[in-house]
Amino acid sequence: VAYDSNGQVCMIGADGAGGTCLVDGASPVWAPQGDRLLVERAGAGGSVIWQVSVDGSTAKPLAAGESPSWSPDGARIAFSVRSAPSQHMSIFLMAPEGGSQTLFTTDGRLPAWSADGRLLAFITSGDVIVAVDTAGNVITPVGSGLLFRWSPRGQDVALLDGGRLLVAKVGAAPRQIV
């Protein structure tokens, strides 16, 4: 289990044994293969995404940004970048090694891949949750809210909208469950 505590990224076994802190940072995200983590670390101009080995022996900066999300196959990383001075958020894609970045959208934050990697969902500046087909860039509104999560199979999205918990299939109207 990876977690952040007092400005450090730490790991502990599922049984509670073997706890250790790896690096300064926050918001650890596991690579699909389980051999690396992405973490956010403070930089001079804002957050920087770093890749860290699970034993902490290697750590390297990848890009300025926040809220990284691995594609299920581990081939791409989606992340948000805040534009100064407007504080507007854009989403970029890059390879796990870093390097060149491809602009995905100029209006989005908190990207998350579907389980099959075919869709990338995110929240727009108007708090609309959308899913985009990464092959054809077909945008499908899912609902509105400030928080969402894909179901394990990637066919449904749970979203929180004003204290209501809703579930939506991509392309269908959300239904309230709580």
Exercise. Would it be correct to say that residue 44 is farther than 20 Å from residue 109 by Cα, out of contact with any Cys (no Cβ under 9 Å at 6 or more places or on another chain) and in contact (Cβ under 8 Å) with a residue 24 or more places away in the chain?
Worked result: no
For this session: Would you check if there is a residue in region 106-115 being touching a residue at least 60 places away in the same chain (Cβ under 8 Å) and part of a loop (DSSP other than H, G, I, E, B)?
Result: no
For this session: Considering only region 141-178, state which residues are closer than 19 Å to residue 72 by Cα, in a strand (DSSP E or B) and open to solvent by less than 30 Å² (accessible area, probe 1.4 Å).
Result: 148, 157
Exercise. Residue 74 fails exactly one of the following numbered conditions: (1) touching a residue at least 12 places away in the same chain (Cβ under 8 Å); (2) touching a strand residue (DSSP E or B) at 6+ places or on another chain (Cβ under 8 Å). What is the number of that condition?
Worked result: (2)
Problem set entry | Residues that are assigned to a loop (DSSP other than H, G, I, E, B) and either open to solvent by 50 Å² or more (accessible area, probe 1.4 Å) or free of Cβ contacts under 8 Å to residues at least 40 places away in the same chain (or both), drawn from region 116-125 | 116, 118, 124, 125
Seminar exercise, completed: Screening 128, 138 for residues that are open to solvent by 20 Å² or more (accessible area, probe 1.4 Å), at pLDDT 90 or above and not polar (S, T, N, Q) leaves only 128
For this session: Please go through region 126-144 and pick out each residue that is of a type outside the set (S, T, N, Q), in contact (Cβ under 8 Å) with a residue 12 or more places away in the chain and farther than 16 Å from residue 89 by Cβ.
Result: 131, 133, 135, 141, 142, 143
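The values are calculated or read from the model by the stated rules, or taken from the named source; none is laboratory data. Please read all numbers here as calculations on a predicted model, not as lab measurements. Cβ: placed from backbone, ideal geometry, glycine included. Neighbour counts: every protein chain shown. Accessible surface is based on the protein model in full, side chains and every heavy atom, while ligands, DNA and RNA are left aside. Shrake-Rupley method; radii C 1.70, N 1.55, O 1.52, S 1.80 Å.
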